[in-house]
Amino acid sequence: MGERYVNFDRQQWADLRAATPMTLREADLDDLRGINERIDLDEVAAVYLPLTRLLNLYVSATQNLHKVSATFLGTLSPKVPYVIGIAGSVAVGKSTFARILQALLARWPDHPKVDLITTDGFLHSNYVLEERGIMNRKGFPESYDTRALLKFLRDLKSGQATIDAPVYSHVVYDIVEGESVTVCQPDILILEGLNVLQVSAPGNEATEFVSDYFDFSIYIDALEADIENWYVNRFLSLCDSVFQDPNSFFQHFAQLSREDAIATARTIWKGINGLNLKENIEPTRDRASLILRKGEDHRVSEVRLRKL
């Protein structure tokens with residue numbers, strides 16, 4: 001793997017920030033942090049700012065390429081969004097990472113319109129999952145409406161003016177019927193999800209993959225033991241917050257003792273999330289353009305950038 005990637009330790013990567021300005025304040029981070037995320041401005045400066053500098057260069061180069069191609073063909077090229085995929089395990093911090101990346105990229109003058117879509121919206125409804133007997137496989141490749149996700153990306157890359165994406169609620173643990181989010185020709189679209197780098201599944205002979213539409217992809221990596229602990233801590237926080245909501249699908253977990261909650265979380269990890277990580281998510285890591293390796297404290301300790 002080392003030969004296909006250029007490896008950086010934290011300091012070497014941080015040095016690549018160059019003169020990229022810090023455009024977030026502590027108050028901004030408070031709005032972007034996820035549950036149990038301890039991200040601070042130092043992490044933003046050391047990890048995110050060099051990444052946004054690199055992505056800004058890549059986006060500019062891609063925009064120029066489209067212009068050159070249109071000149072050659074003698075046509076007006078439609079506005080085509082630059083698509084960034086973010087993959088990694090449940091509880092590894094993808095959502096917070098995606099939100100902070102979105103906020104930083106939108107502050108660059110060349111690409112102010114940055115949209116963020118999660119693949120949760122493309123999960124099959126609970127009704128379909130129950131019907132197929134795979135409710136306990138939610139998050140596994142077969143639980144997604146991949147055809148709908150591919151159509152969304154195809155429309156996006158063809159320069160379509162507006163595209164609707166379905167909405168998922170983590171409270172009711174299901175697709176919200178009749179609700180959608182509209183994407184209107186952004187400069188950059190960030191697509192965040194567990195299996196976005198997946199290319200094959202048992203019995204699936206597809207010739208088109210979600211990652212075919214990515215201009216750049218990021219995999220957030222960590223030791224499984226660390227991710228499991230983050231998952232358990234997040235589960236405990238949810239027991240004290242979201243699960244207390246009368247509308248929550250997991251309201252029954254809110255009444256668990258701390259000991260039972262920890263045991264429940266570890267059982268779910270072992271039977272579902274850890275299994276999905278080993279079988280489907282981790283094997284896609286080496287397909288990413290960039291791999292960010294987190295340490296036990298959730299801070300990025302190592303960065304691997306794929307050679308062009």
Can you give me the orientation-averaged projected area of the convex hull built on the Cα atoms of region 67-174, in nm²? 8.8 nm²
What relative contact order, as a whole-number percentage, does region 1-67 give when Cα pairs under 8 Å and 6 or more residues apart are counted? 42 percent
Can you tell me the order of 212-221, 67-76 when each peptide is scored by its average per-residue count of other Cβ atoms within 10 angstrom, highest first? 212-221, 67-76
What percent do you get for the relative contact order of region 2-306 when only Cα pairs under 8 Å and 6+ apart count? 25 percent
Looking at the chain, what % of its DSSP beta bridges pair antiparallel, to the nearest 5? 50 percent
Dividing the helical contributions, -39500 (n - 2.57) per DSSP H run of n ≥ 4, by the residues of the chain yields a 222 nm value, nearest 500 deg cm²/dmol, of -9500 deg cm²/dmol
Could you sort the peptides 278-290, 246-258, 78-90 by per-residue average Cβ neighbour count (10 Å cutoff), highest mean leading? 78-90, 278-290, 246-258
Rounding to the nearest 20 debye, state how big the charge dipole of the chain is about its Cα centre with +1 on each Lys and Arg Cβ and -1 on each Asp and Glu Cβ. 880 debye
In vacuum, with every alpha carbon of the chain counted as one equal point scatterer, what does the Debye formula give for log10 I(q)/I(0) at q = 0.11 Å⁻¹? Two decimals, please. -0.71
Using a cut-off of 29 Å between alpha-carbon atoms, which lysines can reach Lys157, once sequence neighbours fewer than 8 places away in the same chain are excluded? Lys67, Lys79, Lys94, Lys113, Lys138, Lys307
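All of the numbers you see were taken from the coordinates with simple rules; none came from a lab. Predicted model, so just to flag it, every value in this text is computed and none were measured. As a convention, Cβ positions derive from the backbone with ideal geometry for all residues, glycine included, and neighbour counts pool all protein chains shown.
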